[in-house]
Structures are given as structure tokens and as C-alpha cells.
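*Asks:* Supplied in C-alpha cells, the structure appears directly below.
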Amino acid sequence: MEVGTASPIWQSAAYLNGEEIVLSNADFRGVWHVLYFYPLDFTFICPTEIVGFEALMPKFREIGVAIVGASTDSFYSHKAWFSDQSIFPASVSHPVLADTSHGTARAFDVLKADDGVAYRATIIVDDSGIVRSKSVNDLSVGRSPAETLRTVEAFQSGGLCSADWRQGDAFAA
């Protein structure tokens, strides 16, 4: 999967508000969305990213962007982990894929094949289903949900956006 191409077809079980649902790329047709992959539940870096995306949910919603988390853990692992209020004091309101088949991670080419977990990857897909951005980190370094929001806002602006561009800034000439 390359930037500038159609988002791959995917389908996966997901955790959403304590329930198991099934989501696919078709559920996001016509909607900007961010898929963020993380390696494993019950780790130290991953909850900082999940809580970070959750804290920015009002801003993402305001600009019409859906957020979807993903790991190769099961729905039951997600359910147990997300119910731990010492880690997640507020509920996680966005879906988190339980990509146990690794099909979605493979479709986006973010599966760490030697141990079956996803790299820390962030995929931005526009409302036409085109991948606009793909960022992948190795397992030991977390990403910035605020930078993901800034990047989506820049893409949605339609202008030429310089480094550190923020909504309301002038476009590059």
C-alpha cells in the first residue's frame, strides 16, 4: 500500500464501548479517517498513544475525522485491558480493531512478520478512500496524536502547508 493509492480492502472484529463489532473499510466510505496501529495491549507506550487520541476525539470529530485503533490482540484482550481504570481512567470511545488474523496489518504493510505484531503506524485516508499519509515507527517510540491531527487539518485545508503549519496560518506560496 502506497501513499496516493486507494486504501486496501479490510475487515476485522473490533472493540467498541465493551462490545464486539465488525468493521471494514466500507464503513468509512466518504469519511476521512485515521487508522493507528500499535503493537500490543498491556504494554507501557501503547496506552499513552490511545489516551492521546482519545483526548483529541472532540477535535477530530469537529473536522469530520473518524479514529480507529488497531492491534493484533483479540477482542477479549482489548476488553480486559480497556476496563482497567488505572490505565484508562476514561472510556475509549473509538473502535479498536482486533486484527488477530493479521489481515488488516498486512493490507497496510505494517505487520512485523517475525513476531506477528503491528508496528506503530498511522494511516490517514481521505473521504475519497485515498491514502494521504503513512507513518511507521519501530516498536520503542510512540507517535504524537497532536501531529496526526495537524497533518489531517493540513490535508483538509487544500493548500500548500509548510512545516509546523497550523489551521489559520498562511499557505506556502
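The values are calculated or read from the model by the stated rules, or taken from the named source; none is laboratory data. Keep in mind the model is a prediction, meaning the values are calculated, not measured. Note that each Cβ is placed from the backbone with ideal geometry, even for glycine, and that neighbours are counted across all protein chains shown. Side chains included, ligands, DNA and RNA excluded: accessible areas come from the protein's heavy atoms. Shrake-Rupley method; radii C 1.70, N 1.55, O 1.52, S 1.80 Å.
*Asks:* Only one of Ala14, Ala26 is at pLDDT 95 or above and either acidic (Asp, Glu) or in a strand (DSSP E or B) (or both); which?
*Replies:* Values: Ala26 fails: either acidic (Asp, Glu) or in a strand (DSSP E or B) (or both).
Going through Ala14, Ala26 in turn, the sole match is Ala14.
*Asks:* Which of the residues spanning region 1-42 are over 16 Å from Ala98 (Cα atoms), of a type in the set (Ser, Thr, Tyr) and surrounded by fewer than 17 Cβ atoms within 10 Å (Cβ to Cβ)?
*Replies:* Selection gives Thr5 alone.
*Asks:* Just to verify a result, which residue in region 113-162, among those that are of a type in the set (Ser, Thr, Tyr) and open to solvent by 50 Å² or more (accessible area, probe 1.4 Å), is farthest from Pro39 (Cα to Cα)?
*Replies:* Going through region 113-162, the residues of a type in the set (Ser, Thr, Tyr) turn out to be 119, 122, 128, 133, 135, 140, 144, 148, 151, 157, 162.
After this cut, where a residue has to be open to solvent by 50 Å² or more (accessible area, probe 1.4 Å) as well, the list is 119, 128, 135, 140, 144, 162.
Details: Tyr119: 6, Ser128: 28, Ser135: 14, Ser140: 10, Ser144: 16, Ser162: 31 Å.
So, considering only residues that are of a type in the set (Ser, Thr, Tyr) and open to solvent by 50 Å² or more (accessible area, probe 1.4 Å), the one farthest from Pro39 (Cα to Cα) is Ser162.
*Asks:* Assigned to a helix (DSSP H, G or I), acidic (Asp, Glu) and within 22 Å of Lys112 (Cα to Cα): is that true of Glu2 in this structure? Before you say what the answer is, go through the steps one by one.
*Replies:* Working: assigned to a helix (DSSP H, G or I): no; acidic (Asp, Glu): yes; within 22 Å of Lys112 (Cα to Cα): yes.
Judged against the criteria, Glu2 is not a match.
*Asks:* Separate question: So is Ile50 buried (at least 22 other Cβ atoms within 10 Å of the Cβ), in contact with a Gly (Cβ under 7 Å, 6 or more places away or on another chain) and either more than 17 Å from Ser133 (Cα to Cα) or among the aliphatic types (A, V, I, L, M) (or both) or not?
*Replies:* Numbers: buried (at least 22 other Cβ atoms within 10 Å of the Cβ): yes; in contact with a Gly (Cβ under 7 Å, 6 or more places away or on another chain): yes; either more than 17 Å from Ser133 (Cα to Cα) or among the aliphatic types (A, V, I, L, M) (or both): yes.
Yes.
Residue-by-condition table, conditions (1) within 24 Å of Gly30 (Cα to Cα); (2) touching a Phe, Trp or Tyr at 6+ places or on another chain (Cβ under 9 Å); (3) among the charged types (D, E, K, R); (4) assigned to a helix (DSSP H, G or I):
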position	(1), (2), (3), (4)
His78	no, yes, no, yes
Ile87	no, yes, no, no
Leu97	yes, yes, no, no
Ala105	yes, yes, no, yes
Asp127	yes, yes, yes, no
Ser133	yes, yes, no, no
Leu139	no, yes, no, no
Arg150	yes, yes, yes, yes
Gln156	yes, yes, no, yes
